[in-house]
Every structure is written in C-alpha cells, then in structure tokens.
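Asker: Here's a structure for you.
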Amino acid sequence: MEQPSSSQPASTPGVCLPSSLEQAKAHKLPSSAFYIPDFISEEEERVILDKIANAPKPRWKQLTHRRLQTWPSDLVKNTLIDAPLPQWLEEPVVSRLLSIPLSAPDGDVSIFTASPHHRPNHVLINEYPPGVGIMPHKDGAAYHPVVCTVSLGASLCLNLYRTKDDGTLDPSPAWRILQEPRSLLITRADLYTDYLHGIADIEKDEDLSAETIANWDLLRSRQDFESGSSQRQTRTSLTYRDVLKVSKLGNKLGMFLKR
Ligand SMILES: O=C(O)CCC(=O)C(=O)O
C-alpha cells in the first residue's frame, strides 16, 4: 500500500494541499503570494469557529466596529511573552503550513524555514461583520515578514495598496485578492514591506472578475462570483505570524519594570 510522503500529512476529506507552494502562486501578484482554497475542511472550520465563540469573554478586544482575539497574548513593546499557542490553533493549521515545501526540489524548506522560530508563534483572530473592514496598514517590524491568513465563515476581498511618491496612500488598490472560507493566503517579502493591506467597509464586494481579482484562477468556487458581486457575511480570519522578539517568563518582570 502506498504511504503518504513524509512531508505531507495523511489526507483529510475536503482538504487539498499542493505538493509545493509553487503550484499555489498567485501569478498576477509579485512573486510573494500564495493561495490555497481548500486548506482546511468544513469540519475543521466548524471546530475552530466553535473554539473562538467559546473563548472566555475577556479574550475579545472590542474595537468600534470589529472585535479581535490575540493568542497567546498581546505584544508588549513588540515582544511576545513565551507561551505556546492553544492546540486548536496549532492543529491542523501549523503542521499543515510547515508540511508544504516552498518548491518541489527544496523538499524540506517551508514558508517558515527562514523565520527565527521556524514556525508561527502568534495568531490574531479578527471578526468582520458585513460592512466592516480594516484600514489600509502595514504590519510593522515586530514580525518576520510572512503572514499566513486562514479565512473562516465567508468570503471577502483583501486590497493591496501602493504609496505614492510623496509617501501618501494611493487610494485605488493595486491588487484585490478574494479570500474564500477555509482558504489560506500567504503574503510575504515585498508585499509585506512595501505595500499596505486593508479591507473595505462594504456590504458587498463588487466588480469581481478574472481581470480584477489577482487570484481568480486559484479560486475554489469561481462560479459563485461570476455574477460579479458577492454579498458579505460574517468572516473571521486567523493571521499566523512569527514574532521576532520572544521573552522567556523569567525575564517578564524585568520587561514590565522597564516600561
Ligand atoms: O483579516 C485579514 O485578512 C487581515 C487582517 C490584518 O490586516 C491584520 O491582522 O493585520
């Protein structure tokens, strides 16, 4: 009987992983973005959404329109207090992320091989009701420049923006990426350092087509978007990153005293 290859987890119904990230490259974007539509199964999505919904109330930080959870904790002065992620954020996402080689000949090199801890150690969970987005921003210097986003519950467009020569934001997106539920989007390198990303505060994503959506060819359900628009529903995202500076518990007191 054929055994699964050592770098790939045994297959899970509803999950379809490429044999390398090369196959998931969004070719219309700089060579620094990848999109995998069936990264987790419907059952895995349901379990993670239940865990988020049942997290203790103080875990939620309520912003004006959006709420978020931070695991294992908020950063203090760009530093993470060393603590593991809960099991439900590790499995299946982290092991799956680490199992996909960047390109076939580099079999053992994953998207986090070059990061300081060789794996994500921090997850932000953002919940977006219809009509709610996030202002264009950069993620800054606290993280290794790789962001892995798992989308849950519903689809929406992430916009990528350039800055103009005078340093101000060019308000028309340079690219739009449509993120379906259960998909994984990886952005890194120049997309992390040189461009801003944001989500428009709209009820409906419009003008969806092969010409306007950078990952159109990689979508799971293009037929759902062929009318050109998609009504928003509540979409939750998990953004996995490697925080560069990690403080061991023994140093925690010193760090707080210096604040
Ligand atoms: O929810 C998303 O896909 C984007 C989240 C985001 O912009 C961030 O965490 O910095």
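The values are calculated or read from the model by the stated rules, or taken from the named source; none is laboratory data. In this text, all values refer to a predicted model and were calculated from it rather than measured experimentally. Note: ideal-geometry Cβ built from the backbone for every residue, glycine included; neighbour counts use all protein chains shown.
Asker: For the range 48-65, enumerate the residues that are more than 23 Å from residue 111 (Cβ to Cβ), among the aliphatic types (A, V, I, L, M) and surrounded by 13 or more Cβ atoms within 10 Å (Cβ to Cβ).
Answerer: Within the range 48-65, 49, 52, 55 qualify.
Asker: Take residue 115 and decide whether it is away from the ligand (no atom under 15 Å from the Cβ) and touching a residue at least 60 places away in the same chain (Cβ under 8 Å).
Answerer: yes
Asker: Pick out the one residue from 110, 32 that is under 18 Å from the mean Cα position of the chain (by Cα), of a type in the set (Ser, Thr, Tyr) and closer than 15 Å to residue 242 by Cβ.
Answerer: Step by step, each of 110, 32 is checked, and only 110 is under 18 Å from the mean Cα position of the chain (by Cα), of a type in the set (Ser, Thr, Tyr) and closer than 15 Å to residue 242 by Cβ.
Asker: Using beta carbons and a limit of 8 Å, which pairs, at least six apart or on different chains, have the first residue in the range 148-166 and without any contact (Cβ under 8 Å) to a residue 24 or more places away in the chain and the second one among the hydroxyl-bearing types (Ser, Thr, Tyr) and away from the ligand (no atom under 12 Å from the Cβ)?
Answerer: Pairs found: none.
Asker: Take the residues in the range 187-233 that are more than 16 Å from the chain's Cα centre (by Cα) and among the β-branched types (Val, Ile, Thr), then tell me which one is farthest from residue 39 (Cα to Cα).
Answerer: Restricting to residues being more than 16 Å from the chain's Cα centre (by Cα) and among the β-branched types (Val, Ile, Thr), the top hit is 202.
Asker: Condition check: at pLDDT 95 or above and surrounded by 19 or more Cβ atoms within 10 Å (Cβ to Cβ). Does residue 197 satisfy that?
Answerer: Judged against the criteria, residue 197 is a match.
Asker: Among the residues of the range 146-177, what is the count of those that are farther than 21 Å from residue 68 by Cα and either more than 10 Å from the ligand (Cβ to nearest atom) or in contact with a Pro (Cβ under 6 Å, 6 or more places away or on another chain) (or both)?
Answerer: Matching residues across the range 146-177 total 17.
Asker: Here is a follow-up. Within the range 129-145, work out how many residues are of a type in the set (Ser, Thr, Tyr) and near the ligand (Cβ under 7 Å from one of its atoms).
Answerer: Residues flagged as of a type in the set (Ser, Thr, Tyr) and near the ligand (Cβ under 7 Å from one of its atoms) within the range 129-145 amount to 0.
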